[in-house]
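Everything on this sheet refers to the single structure shown next.
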Amino acid sequence: MTISSNDLDPKFKFEIANIPGSELIKRCFTCGTCTAICPVSNTFAEYDPRKIIHMIILGLKDRVLSSENIWQCSHCETCKFSCPQGVQLSEIMGALQNMAVRDKYVTPDAFEKFGTAPCKATCPVHISIQGFIGMITEGRYKEGLRLIKETMPFPGICGRICHHPCEMKCNRGKVDEPLAIEYLKRFLADRELEEGIRYIPEIEEKKDEKIAVIGAGPAGLSAAYFLAIKGYPVTVFERLPVAGGMMAVGIPEYRLSRDILREEIKTIVDMGVEIKTGVTFGKDITIESLKKDGYKAFFIAVGLHVSRGLNVEGENLDGIIHGINFLRDVSLKGNVTIGERTIVIGGGNVAIDVALTALRSGAKEVEMVCLESREEMPAWEDEIKDALDEGIKINNSWGPKRFIKENRKVKSVEFKRCTEVFDTEGRFNPQYDESELMTLEADTVLLSIGQACDMSFAKGVPDLDVSPRGPSVKDPITLETNIPGLFVGGDASYGPRSVVEAVASGKEAAISIDRYLKGEDIGADRPLEWKGIELEPQDVEHLDRQQMQRLSIARRKNSFEEMDLGFSEQQARLEAGRCLKICGTQNRGR
Ligand SMILES: Cc1cc2nc3c(=O)[nH]c(=O)nc-3n(C[C@H](O)[C@H](O)[C@H](O)COP(=O)(O)OP(=O)(O)OC[C@H]3O[C@@H](n4cnc5c(N)ncnc54)[C@H](O)[C@@H]3O)c2cc1C
């Protein structure tokens, strides 16, 4: 049967026209590629996306919107890029679900029970995780990477250093172990790097309004990436001689290859974003000077680059260095000399990076000392294990009492026993027993007890509301400040978190700036709520999680070579095959 547009119900036709990609629906020739590829359809034969598309073409509005099946799409997006005619199935299903609720085909509380895969719901940037994993199982690597890049610019970086909250929620974890989602992302990015052909996202129609981003960390660069996709001319101003923020001068090279960092930043530059390094906002440029240069909107994401002090006697002696300054010097200068006996004060992940970097910079003996007991240490278990494996001794439940000098230089540190770190309400309030003391000899002491915002940026925008912690946001969802057109985000605005959360912040800023420049309602439909469907998997075969190869401990200790070596193609395919895929058969659609 041939169908012309005259055969469609006019009302329905109008509504379908509001669905992204709807003009392509009529091109469907029911080849069934979508049905063949869809993991839901492969599990529940009654779900046949091809049939739904066909009902739409026939104008069967009632039948489509009252169909249980439209709720079976879990928006994993495995079908994305599959349709030979370019029909965007996942977006169509989302729009149909929204229409079904709006037009009361389902009860208003129906949305409550819908959700998506818990990995996607939990990911701060909501990557279609099942989708890219599905593409790995089919060997569609380029499309898998493209799917990730629709939601974030740094698959290779986050494939190495993400704290991967998605894996904590993976339904497979109830069967044996969660899927290695982080490493699968890395596999796709590394493969692209090896092949030497980078995917550059398509740029929408060019726009005129210039946008200035302050700070080239993950928050600033992600805002630039999404604004460049929208067609805006964007300039990123960065104080340091390199772009990347803490990804370039904090996270050590043995965990994050500088090649992948450079490549993923280069993609952003190739999209037309200009990055000007060596320019300090508040000194070389201000909001007024940028306005004079024609910039219409601003995003400030300056991070946390001041190391906190201890307020302890002798803290300013030679040989006492702030940990993040040390990491920055190692990253920028390559080689920094430190003493053979080094003490690191602090018990978080940053302190562990500092300690392992000290070992790679010539220290023969490195000891960490922290207030917390082993169980209370803020560093992650894997990181602590890496430190112990490399021979670092961790002294728990000690606080520094004073630094002892010889001439102007530190010679040793006296510590007092810490009996309690937090009070009964969980607030940081350390208590000591000064009758129990310990002294450790040291040539170098590296302080790593937390970071704060360098408030000197505020000289560039004196009217901005700030708190002693950093710039203040008026609305934490839209990232608006008290100054129209000026948005702030990343660690500087909410405290120390992670790369993927900084990316999410930059992405939200880009949405706000685009709407601001178009004169639209910035806050409309935000925040979107994401609900992960918990499964109780039954009768699922146990399959071991693939283990990534690592450098030997002996080789790691003396080098900045990346210590994790990535998955082989075979490992990636096996690991991807562990995905339960149907993590929730119902979805509210986005
Ligand atoms: C040692 C270390 C290890 C870490 N490891 C991990 C990890 O493994 N996984 C993870 O997810 N997260 C990790 N983090 C946290 C993560 O790096 C941060 O959460 C993230 O980089 C914050 O991004 P941001 O863009 O807000 O700020 P930043 O990355 O700090 O970037 C801010 C940028 O603004 C620039 N800037 C500052 N002031 C000015 C100014 N006045 N003018 C112009 N430019 C300015 C800075 O130079 C910097 O480049 C780590 C952090 C550190 C310190």
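The values are calculated or read from the model by the stated rules, or taken from the named source; none is laboratory data. All figures in this text were calculated on a predicted structure; none of them were measured in a lab. All Cβ positions, glycine included, derive from the backbone under ideal geometry; neighbour counts span all protein chains shown. All accessible areas refer to the heavy atoms of the entire protein, side chains included, with ligands and DNA or RNA removed. Shrake-Rupley method; radii C 1.70, N 1.55, O 1.52, S 1.80 Å.
Show the residues, 5+ positions off or on another chain, whose built amide H is closer than 5 Å to the amide H of TYR232.
Those lying under 5 Å, H to H, from TYR232 are LYS207.
Residue separation times 0.36 nm, minus the C-alpha to C-alpha distance between PHE44 and LYS364: what's the value?
109.2 nm
Rounded to the nearest Å, what's the spacing between the alpha carbon centres of segment 243-297 and segment 480-520? Just the number, please.
16
What ³J(HN,Hα) values, in whole Hz, does the Karplus curve 6.51 cos²θ - 1.76 cosθ + 1.60 give for segment 409-421 when θ = phi - 60°, with x put for Gly and Pro?
Each residue's phi maps through the Karplus curve to give 10, 5, 10, 7, 10, 9, 10, 10, 5, 9, 9, 7, 9 Hz.
Please list, in chain and number order, the residues 5+ apart from ILE214 or on another chain whose amide H is under 5 Å from its amide H, with Hs placed from the backbone.
For ILE214, the qualifying residues are PHE237, PHE299, ILE300, ALA301.
Treating the angle as unsigned and between 0 and 90°, give the value, to the nearest 10°, between the Cα long axis of helix 258-270 and the longest Cα principal axis of the chain.
50
May I ask for the angle, rounded to the nearest 10°, between helix 323-333 and the longest principal axis of the chain, with both axes built from Cα atoms and the value confined to 0 to 90°?
Tilt relative to the chain: about 80 degrees.
Quick one: Karplus J couplings for segment 205-216, per residue in order, coefficients 6.51, -1.76, 1.60, θ = phi - 60°, nearest Hz, x for Gly and Pro?
3, 4, 10, 9, 5, 7, 10, 10, 10, 10, x, 9
Helix-derived [θ] at 222 nm for the chain: sum -39500 (n - 2.57) over DSSP H runs of at least 4, divide by residue count, nearest 500?
After summing the helix terms and dividing by residue count, I get -9500 deg cm²/dmol.
Expressed as a rounded percentage, what relative contact order does segment 310-451 have, with Cα pairs under 8 Å and six or more residues apart?
So the answer I get is 31 percent.
If you put +1 on each Lys and Arg Cβ and -1 on each Asp and Glu Cβ, how big is the dipole of segment 460-549 around its Cα centre, in Debye rounded to 20?
The calculated dipole for segment 460-549 is roughly 440 debye.
Please list, in chain and number order, the residues 5+ apart from PHE422 or on another chain whose amide H is under 5 Å from its amide H, with Hs placed from the backbone.
Amide H neighbours of PHE422, under 5 Å, 5+ apart: ASN429.
Would you work out which of CYS158, LEU58, HIS75 lies farthest towards the positive end of the dipole of the chain, given +1 charges on the beta-carbon of Lys and Arg and -1 on that of Asp and Glu, about the Cα centre?
LEU58
Against the longest principal axis of the chain, how steep is helix 349-360, in degrees 0 to 90 to the nearest 10, with axes from Cα atoms?
60
If each of MET438 and GLU288 carries a label point 7 Å out from its Cα toward its Cβ, how far apart are those two points in nm?
Taking the simple label geometry, MET438 and GLU288 are separated by 5.5 nm.
Tally the DSSP beta bridges in the chain and give the antiparallel ones as a percent, rounded to 5.
Of those bridges, close to 40 percent are antiparallel.
Suppose every K and R has +1 on its Cβ and every D and E has -1 on its Cβ; what is the size of the dipole of the chain about the Cα centre, in Debye to the nearest 20?
In debye, rounded to 20, the chain gives about 1140.
What ratio of Cα Rg to 2.2 N^0.38 Å holds for the chain?
1.07
How large is ³J(HN,Hα), in whole Hz, for each residue of segment 124-136 in order, when computed from phi with the Karplus curve 6.51 cos²θ - 1.76 cosθ + 1.60 and θ = phi - 60°, using x for Gly and Pro?
So the J values, rounded to whole Hz, are x, 9, 6, 5, 6, 5, 4, x, 6, 6, x, 5, 5.
Measure off, as a whole percent, the carbon and sulfur share of the 1.4 Å-probe accessible area of the chain, all protein chains present.
Of all accessible area on the chain, carbon and sulfur atoms account for 48 percent.
May I ask you to give the solvent-accessible area per residue for the chain, in square angstrom, as obtained with a 1.4 angstrom probe?
45
Could you tell me the center-to-center distance, by alpha carbons, between segment 359-391 and segment 55-108 in angstrom?
52
If I stretch the segment between ARG402 and ASP539 completely, what's the gain in nm (0.36 nm per residue apart, minus their alpha carbon distance), one decimal?
43.3 nm
For segment 54-196, what is the relative contact order in percent, using Cα pairs closer than 8 Å and at least 6 residues apart in sequence?
Relative contact order comes out at 19 percent.
Looking at segment 310-451 only, what percent of DSSP beta bridges run antiparallel? Nearest 5 please.
Of the beta bridges lying entirely in segment 310-451, close to 50 percent run antiparallel.
Please report, in cubic angstrom per residue, the volume enclosed by the convex hull of the alpha-carbon atoms of segment 310-451.
107
Could you work out the relative contact order of the chain, using alpha carbon pairs under 8 angstrom and six or more residues apart, expressed as a whole percent?
19
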